[in-house]
Amino acid sequence: MIREQSPAAGATPRNDLRRRDEWRIDAVLFDCDGVLVDSERIAVECIIECASGAGARFEYEEAQGHFTGAPIAETLRIIEARAGRPLPADFEPRLRARMAAQFEARVAPVDGAPALVESLEVPYCVVSNGPRSKMEVTLGATGLLEHFAGRIVSAYEVGVWKPDPGLYLHAARRLGTPPERCAVVEDSSYGIAAGVAAGMQVFALVPPERAHMLSEGVTPVASLAELHAPFGCPPPAG
């Protein structure tokens, strides 16, 4: 679920794709879940299942709002609060094992992700709140991992989690690109807030009916195919 965000101080409104001639993008920073790999529903279903076993029940829409893009510490905190008692010591490992098994069996690339990544001519990387091992599973299962060798930035390795902008700022430094010349592609409120706070050009992959919920300065896109032009890529085939 996208929550309305306030724009970062001094941010320039960039919510119209027709103004792309004003932009300069020298690097692209992708979120992973929901942007490159279609894993969000799978992850939420696994959380609901494991939370139920611990005495915390959530309907899907509520769980989606709570957990999409959330750091694992926040996810565990919410589940524990709902359960009304401490979670078992092995809850997180069991949840991650369940997710990994379901990802390997069911995950697919987000429509248009392979074509966009393969057409990029500027530096890029994937920047996620998740651990590297999770990204290697999902990107590997969708055939995208080969494009991100040496291009994975995990909050677990940096020690900063979205919505803190530090994770995206670290990725920009790693690519040697000023934040204002970086494009961020996100789908969650946590990631969108991080990109805005970092002073980057944020593109939110959201359904059209949710576009009005975004803060000024965030560009909504309904599909990754819309990003070929602003990113200076050849148009997608077909």
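Bear in mind that the values in this text are calculations on the coordinates, not laboratory data. Nothing here was measured: the structure is a model prediction, and the numbers come from that model. So basically every Cβ, Gly included, is an ideal-geometry build from the backbone, and we count neighbours across all protein chains shown.
So which pairs qualify, if the first residue must be in the range 65-92 and free of Cβ contacts under 8 Å to residues at least 40 places away in the same chain, the second must be of a type in the set (Asp, Glu), the Cβ gap must be under 6 Å, and the two must be at least 6 apart or on different chains?
Correct list of pairs: Leu87/Glu80.
Does any residue of the range 59-66 turn out to be crowded, with 20+ Cβ neighbours inside 10 Å and among the aromatic types (Phe, Trp, Tyr)?
no
Within the range 54-65, count every residue that is touching an Asp or Glu at 6+ places or on another chain (Cβ under 9 Å) and either farther than 16 Å from Leu95 by Cα or polar (S, T, N, Q) (or both).
Residues meeting the conditions: 2.
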